[in-house]
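Input: a single structure, listed below in structure tokens.
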Amino acid sequence: SQKIEQNSEALNIQEGKTATLTCNYTNYSPAYLQWYRQDPGRGPVFLLLIRENEKEKRKERLKVTFDTTLKQSLFHITASQPADSATYLCALDFSGNTGKLIFGQGTTLQVKP
Amino acid sequence: EAQVTQNPRYLITVTGKKLTVTCSQNMNHEYMSWYRQDPGLGLRQIYYSMNVEVTDKGDVPEGYKVSRKEKRNFPLILESPSPNQTSLYFCASSRPGTQWYEQYFGPGTRLTVT
């Protein structure tokens, strides 16, 4: 079965630094990969989507890469701010355009001022 | 405002007492889904629906039922709740074919079964 791994340990960084979060997956290659942000007790909020034929996608201070050979996506937040502190989830669709997403457990990011 | 709403937001109930958690979206989305989120297990899909009258099991469907009689509503039914269904539940919707399944999530329903 498909498996998604995100670093379960919290990532603590200093304000202004770049945060890098990792999402690894096994078995079949997904058609696309999404990243979400989740604040405590709230629903996830969509951030970025990257397709299997794209290497990199950017949105403001966010950057996502997708390496289908390594079966890995990296999520970067540049010039991080305390307001970026949250849990970040990656989600993959292994079923091919059915919208059935499988989520990773998420990595909690803490940005210290 | 485009949104997904869930009711109730908080619910404490007893084992065996049937309950329904409602979910409604105002974005005319075809796709809707229910997830549960538990510490250490992440978000797991319970059921999803590709359109009206079309539903399918997710990864953890046991003990749950759903129906999709209208496009905007997708209620989650627990016929006989048990303590292991204590969890945080999220409803989500999206429109297949545009934005490649960006999902919009509701605010969550925290359910406690004693």
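Chains B and A: how much accessible area gets covered up at their contact, both sides added, probe 1.4 Å, in Å² to the nearest hundred?
On the way: alone 6290 and 6480 Å², together 11020 Å².
Approximately 1800 Å² gets buried when B meets A.
Near residue A:25, within a Cβ-to-Cβ distance under 10 Å, what is the net charge of the other residues, with Lys and Arg +1 and Asp and Glu -1? Don't skip to the answer; put the middle values down first.
Numbers: positive: A:3, A:71; negative: A:5.
Summing Lys and Arg as +1 and Asp and Glu as -1 gives +1.
For chain B, give the magnitude of the charge dipole about the Cα centre (Cβ charges: +1 Lys/Arg, -1 Asp/Glu; no others), in debye to the nearest 20.
The calculation lands at about 280 debye.
Given R₀ = 45 Å, FRET efficiency for residue A:76-residue B:11 by Cβ-Cβ distance, to 0.05? Please list the in-between numbers first.
Working: r = 39 Å, r/R0 = 0.86.
About 0.70, to the nearest 0.05.
Given the protein chains as shown and a 1.4 Å probe, how many square angstrom of residue B:34 are accessible, to the nearest 10?
Around 0 Å² of this residue is reachable by solvent.
Putting +1 on Lys and Arg Cβ atoms and -1 on Asp and Glu Cβ atoms, find which of B:11, B:50, B:88 reaches farthest to the positive end of the dipole of chain B.
B:11
For A:67, B:59, A:93, give the ranking by accessible area with the largest first, probe 1.4 Å. Don't skip to the end; give the middle numbers.
Details: A:67 55, B:59 85, A:93 0 Å².
Final ranking, largest accessible area leading: B:59, A:67, A:93.
Relative contact order for chain A: what is it in percent, counting Cα pairs under 8 Å that are at least 6 residues apart? Don't skip to the answer; put the middle values down first.
Details: 280 pairs, mean separation 40.7, N = 113.
Relative contact order for chain A comes out at 36 percent.
Between region B:44-75 and region A:12-29, how far is it from one alpha carbon centroid to the other, in angstrom?
Measuring centre to centre over Cα atoms gives 32 Å.
Calculate the dipole size of the protein assembly as shown relative to its Cα centre from +1 charges on Lys and Arg beta carbons and -1 charges on Asp and Glu beta carbons; express the result in debye to the nearest 20. Show your work: numbers first, answer last.
Values: 27 positive and 21 negative charges, 62 e Å.
I would put it at about 300 debye.
Quick one: order A:33, B:11, B:41 from most to least accessible surface, probe 1.4 Å. Let's see the in-between values first.
On the way: A:33 0, B:11 45, B:41 90 Å².
Reading off the accessible areas and sorting them downward yields B:41, B:11, A:33.
Determine the principal axes of the Cα atoms in chain A, then give the extent along each, sorted from largest to smallest and rounded to whole angstroms.
The Cα atoms of chain A stretch 41, 29, 21 Å along their principal axes.
Taking 7 Å along the Cα-to-C-beta vector as the label spot, tell me the residue A:10-residue A:55 distance in nanometres, rounded to one decimal.
About 3.6 nm separates the two model spin labels.
Can you give the accessible area of residue B:22, probe radius 1.4 Å, in Å² rounded to 10?
Accessible surface of residue B:22 is approximately 70 Å².
Using only the Cα atoms of the protein assembly as shown, construct the convex hull and provide its projected area averaged over every direction, in square nanometres to one decimal.
Mean projected area for the protein assembly as shown: 12.4 nm², to one decimal.
Largest first, what is the accessible-area ranking of A:107, B:20 with a 1.4 Å probe?
Details: A:107 5, B:20 65 Å².
Final ranking, largest accessible area leading: B:20, A:107.
The values are calculated or read from the model by the stated rules, or taken from the named source; none is laboratory data. Computed from a predicted structure; not experimentally measured. Neighbour counts are summed over all protein chains in view; Cβ atoms, including those assigned to glycine, are modelled from backbone coordinates with ideal geometry. Each accessible area value is taken on the protein alone, full model and side chains, heavy atoms only, with ligands, DNA and RNA left out. Shrake-Rupley method; radii C 1.70, N 1.55, O 1.52, S 1.80 Å.
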